[in-house]
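The values are calculated or read from the model by the stated rules, or taken from the named source; none is laboratory data. Computed from a prediction, not measured in an experiment: that's the story for all the values here. Note that we place each Cβ from the backbone using ideal geometry, even for glycine, and neighbour counts take in every protein chain shown. For the accessible areas, the whole protein counts, side chains as well, though only heavy atoms, and no ligand, DNA or RNA atoms are used. Shrake-Rupley method; radii C 1.70, N 1.55, O 1.52, S 1.80 Å.
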Amino acid sequence: MYDYPLYRPPSESNSLIIQATLGCSHNKCSFCSMYKSKKFSIKSLEEIKNDMNHFRKIYEHVEKIFLADGDALIIPTKDLKEILMYAGKLFPECSRITLYGSPKSILLKTHQELEELKALGLSMIYMGVESGSDEVLKDINKGASSEELLNAAVMVKNANILLSVTVIAGIGGRKNSKIHAVKTGELISNMAPDYLGVLSLMAEEETDLYNKIVKKEFQLLSDKEMLIEIKLLIEHINIEETIVFRCNHASNYVSLRGDLPCDKEAMINQIDYHIEHNKLKYEYDRRL
Ligand code: SF4
């Protein structure tokens, strides 16, 4: 039924995954190997409906649905509306439908289109921000500037769709660690997403970034430098609205979770404790 590899956000672990697209429409980020094996395509409405019919026969109760793969929001609005309508009829018990949306695919939609998708059950969009620094975004070939990322976030929020974003600690390397942390904190403050996940960079083979590391054109951060960067990032998130903050992915050296701004100081203190008491090294020694 699925075309592997298949990815979904950690918070969608109990969701029914409907693979509406294959791969990622961008597929050029220098650090990402997720969809290198796939040529991007959108499945036909018939195939998608057949998949849903198949799952309806298997599962009695479907609470949540995640539309995969990497950028299902790129599906033309007319078709996406039909998918949402069909899902709503077939799984009336489903309380939320979510998907990944690249900044480009969000900006291709109009405000009215996003509102229509919301009305048909699209509850949340996951967007990879990675960094708020334009220099870093260019280096990693994100395909979007910090301004475009912010505009995309504003569009999602204006349509009353929940916004969940991820950023990557260490993605600027040693050279851009500080600017990455500061600019990302500032961008997140302006976006005020509902959820923020901080991952730590894992260098994966078969990526352009890996080749840069091998050629010594990119220096990975040590555990200690990574924590210092995450602390700087949190220090630069200044907002009044609540952001559910998670830094508890398997890639993270220290697990942090809380709400910003109310848990900001406690999380900074937690990072300071680990920097002070753990024998963290300044030399990179575990991710390559
Ligand atoms: S947009 Fe996301 S899935 Fe696509 S290449 Fe970049 S990181 Fe990978």
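Observations on the structure shown:
- A 1.4 Å probe run over the protein chains yields, for the chain, 48 Å² of accessible area per residue, whole-number rounding.
- Take 176-184, 54-62, 126-134, 27-35 and order them by the average number of nearby Cβ atoms within 10 Å per residue, most first; the result is 126-134, 176-184, 27-35, 54-62.
- Inter-label distance for residue 275 and residue 151, nm, one decimal - labels placed 7 Å from Cα along Cα-to-Cβ: 3.6 nm
- Simple spin-label estimate for residue 202 and residue 95 in nanometres, 7 Å along Cα-Cβ: 3.0 nm
- Entry note, the chain: the mean residue ellipticity at 222 nm calculated from DSSP H runs of n ≥ 4, each adding -39500 (n - 2.57), is -11500 deg cm²/dmol after division by the residues and rounding to the nearest 500.
- Other residues with beta-carbon under 15 Å from the beta-carbon of residue 235 carry, at +1 per Lys or Arg and -1 per Asp or Glu, a net charge of -1.
- Convex hull per residue volume in Å³, alpha carbons only, for region 4-44: 81 Å³
- Within the chain, DSSP assigns beta bridges of which about 20% are antiparallel (rounded to the nearest 5).
- Here region 13-277 has 49 percent of its accessible surface on carbon and sulfur atoms, given a 1.4 Å probe and all protein chains in place.
- Counted residue by residue at 0.36 nm each, then reduced by the alpha carbon distance between them, the extension gain from residue 217 to residue 50 reaches 55.4 nm.
- What you get for region 13-277, charging only the Cβ of Lys and Arg (+1) and of Asp and Glu (-1), is a dipole of about 640 debye around the Cα centre.
- Positive-pole candidate from 120, 48, 105, dipole of the chain, charges at beta carbon: 48
- The alpha carbon radius of gyration of region 13-277, expressed as a multiple of 2.2 N^0.38 Å, is 1.04.
- Placing a pseudo-label 7 Å from each Cα along the Cα-to-Cβ vector at residue 58 and residue 108 gives an inter-label distance of 2.8 nm.
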